[in-house]
Amino acid sequence: MIDLRDFLEIDLPALATGTLAALACGLLGNFLLLQRRSLLGDAVSHVVLPGIVIAFLLTGSVGTWPMMLGGGAAAVASVLLIDLVQRAARIEPGAAMGMVLTTLFALGVVLLEQSGARAVHLDVQHALMGSLEGIVWLGARDASDLLDPARLATLPEPLLRLAFVTVGVLLFLLLLRKELAIASFDPDHARSLGIPARGIGQLLLLASAAAAVASFDAVGAILTIAMFVCPPATARMLTDRLSMQIGLSALAAVLAGVLGYGLAAWAPLALGLERGLGAAGTIAVVAGGFLALSILFAPRYGALARARAGSSGARGDVGGEAGAGR
Amino acid sequence: MAPPLQPVEGGVGLRHRLDPERPLAVSGLSVAYHDRPVLWNVDFVAPRSGLVAILGPNGAGKSTFLKAVLGLVPALAGEIRSFGRPLDRRSGLVAYVPQRSSVDWEFPITALEVVAMGLYHRIGWFRPVRRRHLEAARAQLDRVGLADLADRQIGQLSGGQQQRVFLARALAQDARLYLLDEPLAGIDAASERVVIGLMRELAAAGRTVIAVHHDLESVADVFDRAMLLNVRRIAEGPVAEVLTAGNLARAYGSAFRLGGPVAVASPG
């Protein structure tokens with residue numbers, strides 16, 4: 001029997017935070033995937049760590065604005081650095097990204113270990129995997145709290161942060177849907193109409209950085225990439241319509257959040273496991289499971305359907321295009 | 001030979017009026033990738049209407065010429081004027097059809113939605129594509145004979161059908177000047193007839209169509225004029241005057257074997 005107060009205090013904030021992280025990143029991931037720039041989502045979610053740590057060292061705070069500005073600045077710096085490395089060393093984009101993101105992430109870890117940031121719940125474990133379980137709604141009493149704005153304002157900061165970012169992401173996609181589509185499908189044609197495809201790509205990147213910063217508390221730097229890639233890649237296997245893909249990716253993200261959290265919260269008890277499960281990890285595993293299922297069983301592009309139809313009409317490996325930078 | 005470049009008037013009163021006589025005037029255009037020149041000091045004036053082929057060997061800078069005209073690749077030097085003004089992409093006066101190989105045909109989008117993209121500059125920022133835009137797009141798709149395939153994902157169309165979708169997208173833009181990159185490359189005979197027919201229709205309606213073309217044998221059948229490029233401009237003018245043995249040898253190298261083109265060449 002689940003106690004309502006326990007649910008409101010412990011389960012709901014963590015569940016909502018994990019789900020919104022998957023949703024915000026998954027929605028943006030659609031366009032990263034279509035532009036074959038998913039690895040850039042990975043780079044961004046890694047480099048927000050040094051950004052957040054440096055912002056903390058400068059301001060002594062892990063509040064929303066220092067985190068957002070630090071993470072955003074680090075994302076911009078990393079993109080410039082990736083471009084620079086790519087030109088100067090004349091190597092492929094994937095290698096440049098891999099180099100920059102690991103180096104900057106390592107820098108973040110070093111700074112984190114040497115600084116006093118440990119004291120304020122920023123530690124390496126947290127940075128890697130997030131700490132959904134640490135997100136609690138202190139003082140939640142009953143269901144009426146959910147309708148009381150004054151009580152809702154006392155929701156934990158990571159959850160509020162993610163809620164705002166998710167609304168921002170939805171607005172961004174709603175307003176710029178056709179610009180994002182044309183810039184992703186045919187950037188040269190977009191530019192020939194005076195639509196700045198590169199600028200739109202950079203906006204997408206900044207939005208991804210904001211989503212990565214906001215998801216940092218929930219799922220950490222490592223698992224964020226699962227949120228960016230798995231829901232859209234799952235949806236990509238199931239449809240040939242962009243709007244349907246975006247809708248299905250949102251559905252996959254929400255289901256992964258809810259089922260993943262449920263698995264972490266109740267499976268150890270139900271199955272008598274000796275150790276608890278980290279919810280961030282189970283959400284990523286469920287999201288990956290959805291992708292695996294869709295790769296196998298998607299009605300048209302799934303491996304089984306294609307095997308049945310012979311090799312005719314086969315198309316590219318949608319799930320594995322993360323590294324194919326443009 | 002090429003008509004001499006006329007000085008472009010910059011008179012105050014004329015600056016904001018379109019000059020229909022000069023859809024495109026390029027002077028001294030040079031483009032380089034890294035240290036390698038791709039185009040060098042190219043002059044070109046497009047006729048008021050008609051079909052112009054851009055010819056030349058692989059790597060001659062044909063596609064780059066179109067991209068540099070549109071400002072899609074940076075030019076080292078040169079001036080581009082369109083209808084008497086610096087080319088403004090947002091005006092929608094110039095429609096561009098990139099090479100078919102330049103886009104991801106697995107993109108989750110239908111033929112109709114691709115054609116509607118030709119209307120995006122007119123729909124404006126932040127505004128959604130509405131039913132009337134899709135109807136306008138459907139009319140253009142009908143013009144290229146693909147109304148039945150409007151809801152197909154574009155990757156499921158043949159190469160020729162994809163090219164027709166691209167052309168319908170340019171038609172939807174209702175531009176004055178059309179820049180087409182290899183519109184006839186690798187397409188079936190039926191699509192070729194449709195594309196050539198529409199290019200002629202555009203020319204007859206007073207539009208200028210400039211197309212990168214690679215098949216020297218068919219140039220004279222389709223185009224009125226041609227520019228022969230190999231980094232530099234080799235020749236420009238009526239097709240018969242451009243495709244001379246001497247010009248072809250200069251463009252393709254002296255080892256170039258004169259086959260079909262000789263038939264259309266009229267030396268002297």
Looking only at the range B:85-94, and only at residues there that are outside any strand (DSSP E or B) and either over 17 Å from the mean Cα position of the chain (by Cα) or within 9 Å of chain A (Cβ to nearest Cβ) (or both), the one that is nearest to B:Ala168 (Cα to Cα)
B:Gly92
How many residues are more than 12 Å from chain A (Cβ to nearest Cβ) and among the charged types (D, E, K, R) if we restrict to the range B:144-162?
1
Scan the range B:95-108 for residues that are touching a Lys or Arg at 6+ places or on another chain (Cβ under 8 Å), within 7 Å of another protein chain (Cβ to nearest Cβ) and crowded, with 22+ Cβ neighbours inside 10 Å and jot them down.
B:Pro108
Of residues in the range B:114-126 being more than 8 Å from chain A (Cβ to nearest Cβ) and over 19 Å from B:Arg100 (Cα atoms), the one farthest from the chain's Cα centre (by Cα)
B:Gly124
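Every residue, every condition in (1) among the aliphatic types (A, V, I, L, M); (2) touching a helix residue (DSSP H, G or I) at 6+ places or on another chain (Cβ under 9 Å); (3) buried (at least 18 other Cβ atoms within 10 Å of the Cβ); (4) modelled with pLDDT of 95 or more, yes or no:
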{"position": "B:Glu113", "(1), (2), (3), (4)": "no, yes, yes, yes"}
{"position": "B:Ala116", "(1), (2), (3), (4)": "yes, yes, yes, yes"}
{"position": "B:Phe126", "(1), (2), (3), (4)": "no, yes, no, no"}
{"position": "B:Arg132", "(1), (2), (3), (4)": "no, no, no, yes"}
{"position": "B:Ala137", "(1), (2), (3), (4)": "yes, yes, yes, yes"}
{"position": "B:Leu146", "(1), (2), (3), (4)": "yes, yes, yes, yes"}
Checked the range A:251-264 for anything small (Gly, Ala, Ser) and surrounded by fewer than 21 Cβ atoms within 10 Å (Cβ to Cβ); matches are A:Gly262
Any residue at all in the range A:156-175 that's touching a residue at least 24 places away in the same chain (Cβ under 8 Å), buried (at least 16 other Cβ atoms within 10 Å of the Cβ), within 14 Å of chain B (Cβ to nearest Cβ) and not aliphatic (A, V, I, L, M)?
yes
Within the range B:190-228, can you find the residues that are part of a helix (DSSP H, G or I), within 27 Å of B:Tyr252 (Cβ to Cβ), at pLDDT 95 or above and charged (D, E, K, R)?
B:Glu192
Taking into account only those residues within the range A:226-244 that are in a helix (DSSP H, G or I) and of a type in the set (Ser, Thr, Tyr), which is nearest to the other protein chains (Cβ to nearest Cβ)?
A:Ser243
Take the range A:135-155 and flag every residue that is at pLDDT below 85, assigned to a loop (DSSP other than H, G, I, E, B) and at negative phi.
A:Ala140, A:Arg141, A:Asp142
Can B:Val129 be described as on the phi < 0 side of the Ramachandran plot and within 13 Å of chain A (Cβ to nearest Cβ)?
yes
Out of all the residues in the range A:86-103, which are more than 14 Å from A:Leu39 (Cβ to Cβ) and at pLDDT 90 or above?
A:Thr103
Going through the range A:186-203 in order, the residues found to be closer than 24 Å to A:Leu23 by Cβ and either modelled with pLDDT of 95 or more or within 14 Å of chain B (Cβ to nearest Cβ) (or both) are A:Ile200, A:Leu203
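For the range A:276-293, what are the residues that are in contact with a Pro (Cβ under 7 Å, 6 or more places away or on another chain) and not in a helix (DSSP H, G or I)?
Within the range A:276-293, A:Gly276, A:Leu277 meet the criteria.
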Just to be sure before I move on: is B:Leu70 at pLDDT 95 or above, in contact with a strand residue (DSSP E or B) (Cβ under 7 Å, 6 or more places away or on another chain), more than 14 Å from chain A (Cβ to nearest Cβ) and over 12 Å from B:Val38 (Cα atoms) in the structure I sent?
no
If B:Leu141 passes every condition in (1) hydrophobic (A, V, I, L, M, F, W, C); (2) within 14 Å of another protein chain (Cβ to nearest Cβ); (3) buried (at least 23 other Cβ atoms within 10 Å of the Cβ); (4) in a helix (DSSP H, G or I) but one, which one does it miss?
(2)
Taking the range A:19-45 and keeping only residues that are touching a Gly at 6+ places or on another chain (Cβ under 8 Å), of a type outside the set (A, V, I, L, M, F, W, C) and at pLDDT below 95, one is left with A:Gln35, A:Arg36, A:Arg37, A:Ser38, A:Gly41
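The values are calculated or read from the model by the stated rules, or taken from the named source; none is laboratory data. This structure is a prediction, so every number in the text was calculated from the model and none was measured. Backbone-built Cβ (ideal geometry, glycine too); neighbour counts: all protein chains shown.
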